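To keep things clear, I will list the structure first and then write my remarks on it.
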2 protein chains.
Amino acid sequence: MKKLLLLYLVIIGAYVLYALNFFYGKHQSAGAGESAALVGSLDEKYVMVTFQSGIDYWKSVIKGFEDAAGVLGVSVEYRGSTQYDVREQVTVLEQVIAQKPAGIALTVMNPEALTPSIDKAVDAGIPVVLFDSGAPESKAYSLLATDNYNAGATAARTMARLIGGRGEVGVVTLPNQLNHQQRTNGFRDTIRAEYPEMTIVAIALPNQLNHQQRTNGFRDTIRAEYPEMTIVAIEDGKGDRIVSRDAALAILDAHPNVKGIFNTDANGGVGIADAVRLRQRQNEVKVVAFDTDKVTLDMIRSGDIDATLAQGTWNMGYWSLLYLFHLHHGLVTPDSGQTADASPLPVYVDTGISVVTRENVDNYYVK
Amino acid sequence: MKKLLLLYLVIIGAYVLYALNFFYGKHQSAGAGESAALVGSLDEKYVMVTFQSGIDYWKSVIKGFEDAAGVLGVSVEYRGSTQYDVREQVTVLEQVIAQKPAGIALTVMNPEALTPSIDKAVDAGIPVVLFDSGAPESKAYSLLATDNYNAGATAARTMARLIGGRGEVGVVTLPNQLNHQQRTNGFRDTIRAEYPEMTIVAIALPNQLNHQQRTNGFRDTIRAEYPEMTIVAIEDGKGDRIVSRDAALAILDAHPNVKGIFNTDANGGVGIADAVRLRQRQNEVKVVAFDTDKVTLDMIRSGDIDATLAQGTWNMGYWSLLYLFHLHHGLVTPDSGQTADASPLPVYVDTGISVVTRENVDNYYVK
């Protein structure tokens, strides 16, 4: 009888081992599936680096980055220069590179100054993608940012909806940006070509061509799609509330029939609303602003600004991390023998624009 | 003794159940984690729809779509019109919509004809993203395609590398495309504006502005970056091997110092190589072609073509499915109150270009 018991035990033991093995094996194969899937580990740390790191504008970018980390099961960290200071941003980026993170999402305050550090990271095997503003000659894999020309086109369509597709409109922008850009390019190209021993370490020209592109998109779309609308004035607001107010007052006084004013920068919209109120023309003149600063959103709520354009900042953060994850895990190299020109990822992503009005303004306050 | 055996059996049975439970439970909890992460189910079917569905060009797009399905754990299906026939593509798309798939990735043969079906799908809650060629006025969420201007710029830099950054070059393209586009726009806009009871059901204008944009990118980059290079001729190859050969012969005969010819379409590059061989100038004249048809790749291998530009077709398929997955799972709606203008996803993705030379040509043959 003891032999029979032993036999039973052996059989049952074997069954237990089989069951363990079966389930362990299943779990293992699921595990192997996961490592090929989009599931990372908390040891994997991705770092976002900005400048003026405390401003509200980045908060939704960080939220997108964190949401992607939650979905992928990886860790993230947020760094940046506290000031609008390119030397400080370079220092922060160098500190991050020294940590050897799984990847870096960077917004570039100044391409000239940051390109050497970007290239150093990529050469060391740390993937870098750029968001909001890029460094075209760097080795970064991708740029995720607003297409400012398209943003201007969206502004034109929004204005057309507000004023019924006909009438005079004005623009308050930073119209001399293109001149500054051209002057800067001439300076830079000449130094590169003729003075190899000179180096430009920083160019403090904010936002480059953004405002020109926004204005062009607005103008071209009105010409192409709204033949009964006319742009009667393009004024310089210098990115400042008071100067933009005065520019808008000039437009209102010179053009009594003006039905709308579009502003291309984050600070001018509230100045234009001030001007419209000063002249008591709130019911006649529509205001389309740019970006979602708190004071702009408050004026959307109060009805002083009719619409503002929100950049796809959440998209910038979310898709930056997805791209870095793919690079870190080697999931995107269809051509193993690629030349230096080729990127394994899409090279440019237009993160889009959404239109903020009284109906949806509550979604845009920073939480 | 029998009682003891029974006891053993009960104990061992309980242990087996415990073991089963432990491993099953572990598997379940991994499953729960997966549902919040980027892991789908095989019940979820995403469909890709093309036209001329048998051509090699789509194979790498399909591979990207399938690779993403493997990573996400979802099912995919590939459909398309067999011919270059827009009515057939509309029929196929309507059949796919009737199946109520989890999402549709579509390349648009003709925006006018396909927009109503695209909008119908989106209105029915089926996400649609577009790849390779778009439908700007449709409700599709995103377009993933080559930026043809940037492709031309890459061609210019490739040519400059091949000829040492100085000398005369020519272009064989479809130069009258812009005229055709403008004529078509005038026709379409007038019908829309003045004849509301007329409808244009199809416009058979291949590739729209692609060739013009490639030529402009090539020209502007040479002007801006290679002051010692000159474009001495831009000829019409009509997208045909024989016509392109004759166009290249004309360039070679008229410009004895020409050092390179760039072709903007998939068929002309081999014609240019034919011309260079006919005039026995293989060592003097470099050829940069477009796309990766088998005959072009064979000529890269044999040295008759020096480089060709491969579009980021794998990226188109891979990221189309990732976008559809995010839409289907509601992972990308940062602003729940978005207006009609807003897309929860990046609206445009430049899927990039890679340069194919003898060194990496083997990676580009369709497997």
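Filter the range A:188-215 for residues that are small (Gly, Ala, Ser) and within 30 Å of A:GLU235 (Cα to Cα); which is modelled with the lowest pLDDT?
Taking the range A:188-215 as the starting set, the residues that turn out to be small (Gly, Ala, Ser) are A:193, A:202, A:204.
With within 30 Å of A:GLU235 (Cα to Cα) added as a condition, the list becomes A:202, A:204.
Working: A:ALA202: 56, A:ALA204: 51.
Ranking the candidates gives A:ALA204 first.
In the range B:347-359, of all residues being within 14 Å of B:ILE305 (Cβ to Cβ) and of a type outside the set (D, E, K, R), the one that is surrounded by the fewest Cβ atoms within 10 Å (Cβ to Cβ) corresponds to B:THR357.
Of the candidates B:SER35, B:SER41, B:SER75, B:SER81, the single residue that is under 15 Å from B:LEU321 (Cβ atoms) and either modelled with pLDDT under 90 or within 21 Å of the chain's Cα centre (by Cα) (or both) is B:SER75. Of all residues in the range A:206-247, those that are part of a helix (DSSP H, G or I) and over 16 Å from A:THR264 (Cα atoms) total 3.
Residues that are part of a helix (DSSP H, G or I), closer than 20 Å to A:LYS45 by Cβ and under 20 Å from the mean Cα position of the chain (by Cα) within the range A:107-128 comprise just one, A:ILE118.
I need a count of the residues in the range B:76-127 that are of a type in the set (S, T, N, Q), crowded, with 19+ Cβ neighbours inside 10 Å and farther than 23 Å from B:ASN315 by Cβ. Total meeting the criteria: 3.
Quick test for you: out of A:VAL122, A:VAL76, A:VAL108, A:VAL92, pick the one residue that is among the hydrophobic types (A, V, I, L, M, F, W, C) and in contact (Cβ under 8 Å) with a residue 60 or more places away in the chain.
Going through A:VAL122, A:VAL76, A:VAL108, A:VAL92 in turn, the sole match is A:VAL76.
Counting only strands (runs of 3 or more DSSP E) that sit wholly inside the range A:248-367, those with at least 3 residues that are in contact (Cβ under 8 Å) with a residue 24 or more places away in the chain, away from chain B (no Cβ under 14 Å) and over 30 Å from B:PHE65 (Cβ atoms) are A:258-263, A:286-290.
Among the conditions (1) over 26 Å from B:TYR364 (Cβ atoms); (2) crowded, with 23+ Cβ neighbours inside 10 Å; (3) of a type outside the set (Lys, Arg), the only one that B:GLY73 does not satisfy is (2). Annotation: of all residues in the range B:97-106 being in contact with a Lys or Arg (Cβ under 7 Å, 6 or more places away or on another chain) and in a loop (DSSP other than H, G, I, E, B), the one that is farthest from B:PHE51 (Cα to Cα) is B:ALA102. For the range A:258-286, give me each residue that is farther than 20 Å from A:SER302 by Cα and modelled with pLDDT of 95 or more. The one that is farther than 20 Å from A:SER302 by Cα and modelled with pLDDT of 95 or more: A:VAL258. Counting only residues that are surrounded by 17 or more Cβ atoms within 10 Å (Cβ to Cβ), modelled with pLDDT of 90 or more and not in a strand (DSSP E or B), the range A:163-187 holds 1 of them. Evaluation of A:SER117 against the conditions (1) at pLDDT below 95; (2) touching an Asp or Glu at 6+ places or on another chain (Cβ under 9 Å) shows that the sole unmet condition is (1).
Assess whether A:ARG223 counts as being touching a residue at least 24 places away in the same chain (Cβ under 8 Å) and more than 23 Å from A:GLY134 (Cα to Cα).
Details: touching a residue at least 24 places away in the same chain (Cβ under 8 Å): no; more than 23 Å from A:GLY134 (Cα to Cα): yes.
When the stated conditions are applied, A:ARG223 does not pass them.
Is it fair to say B:ALA224 is surrounded by 18 or more Cβ atoms within 10 Å (Cβ to Cβ) and small (Gly, Ala, Ser)? So B:ALA224 fails the test.
The values are calculated or read from the model by the stated rules, or taken from the named source; none is laboratory data. Model, not experiment: these values are computed from the prediction. Cβ atoms come from the backbone with ideal geometry, glycine included; neighbour counts cover every protein chain shown.
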